[in-house]
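Here's the structure we're looking at; comments come further down.
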């Protein structure tokens, strides 16, 4: 079971307040205060599932009522809320957008980062295959991770590996072949 630290609880409470429109109990809508502190409620009742989509603020009374709810009224409400959260824009991205507007500073979203890194990887593979007819997979992977990190400050081996897999899929212009026991990326023969 993953316990949240006090610092994490404070940060999460701020994000939940932002997402749910106020510092109040999700179930009864009663405002929370220093005397009436909220509990961070797990919508699916799994205390190890600390995704923001699975959390709301709840008063002690509603938290107890949900645990003893034989008619599943609270559980049904919780299920619908979790589903709604999962289908909405990602909470942290919403908060970043708000901060960006207040600081007039451009903060890249996950989509921007993904798009930019994909282009870095594609440019690298295109230029190497054009210049040398092939590029070793391992070199492409490590070089692209370095280039992504240096150009966008983001990029992991797993992300770059996924980009290369997409660029060498059956419908793409490149493929991976084995040559001298090494994986090599080459232009696909059409």
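Rule-based calculations on the coordinates, nothing more; no lab input. This structure is a prediction, so every number in the text was calculated from the model and none was measured. Positions of Cβ are backbone-derived with ideal geometry, glycine not excepted, and every protein chain shown enters the neighbour counts.
I'd like the full set of residues that are touching a helix residue (DSSP H, G or I) at 6+ places or on another chain (Cβ under 8 Å), assigned to a helix (DSSP H, G or I) and closer than 16 Å to residue 174 by Cβ, limited to segment 105-145.
Of everything in segment 105-145, those that are touching a helix residue (DSSP H, G or I) at 6+ places or on another chain (Cβ under 8 Å), assigned to a helix (DSSP H, G or I) and closer than 16 Å to residue 174 by Cβ turn out to be 118, 120, 121, 122, 124, 125, 128, 137, 140, 141, 143, 144.
Give the residues of segment 146-163 that are assigned to a helix (DSSP H, G or I) and surrounded by fewer than 20 Cβ atoms within 10 Å (Cβ to Cβ), sorted by residue number. Even if it seems obvious, please write down each step before you answer.
Filtering segment 146-163 down to residues assigned to a helix (DSSP H, G or I) leaves 146-152, 157-163.
Matches in segment 146-163: 146, 147, 149, 150, 151, 152, 157, 158, 159, 161, 162.
Just to be sure I understand, how many residues within segment 46-66 are in contact (Cβ under 8 Å) with a residue 12 or more places away in the chain and either farther than 20 Å from residue 11 by Cα or surrounded by fewer than 14 Cβ atoms within 10 Å (Cβ to Cβ) (or both)? Reasoning before the result, please.
Going through segment 46-66, the residues in contact (Cβ under 8 Å) with a residue 12 or more places away in the chain turn out to be 47-48, 50, 52-63, 65-66.
Among the residues that remain, those that are also either farther than 20 Å from residue 11 by Cα or surrounded by fewer than 14 Cβ atoms within 10 Å (Cβ to Cβ) (or both) are: 47-48, 60-63, 65-66.
Number of matching residues: 8.
Looking only at segment 115-130, filter to residues that are free of Cβ contacts under 8 Å to residues at least 40 places away in the same chain and under 17 Å from the mean Cα position of the chain (by Cα); which one of those is surrounded by the most Cβ atoms within 10 Å (Cβ to Cβ)?
Here the answer is 116.
Return the residues of segment 51-68 that are touching a helix residue (DSSP H, G or I) at 6+ places or on another chain (Cβ under 8 Å) and closer than 22 Å to residue 5 by Cα; say none if nothing qualifies. Write out each step before concluding.
First, pick out the residues of segment 51-68 that are touching a helix residue (DSSP H, G or I) at 6+ places or on another chain (Cβ under 8 Å): 52-58, 62, 65-66.
Passing the criteria: 52, 53, 54, 55, 56, 57, 58.
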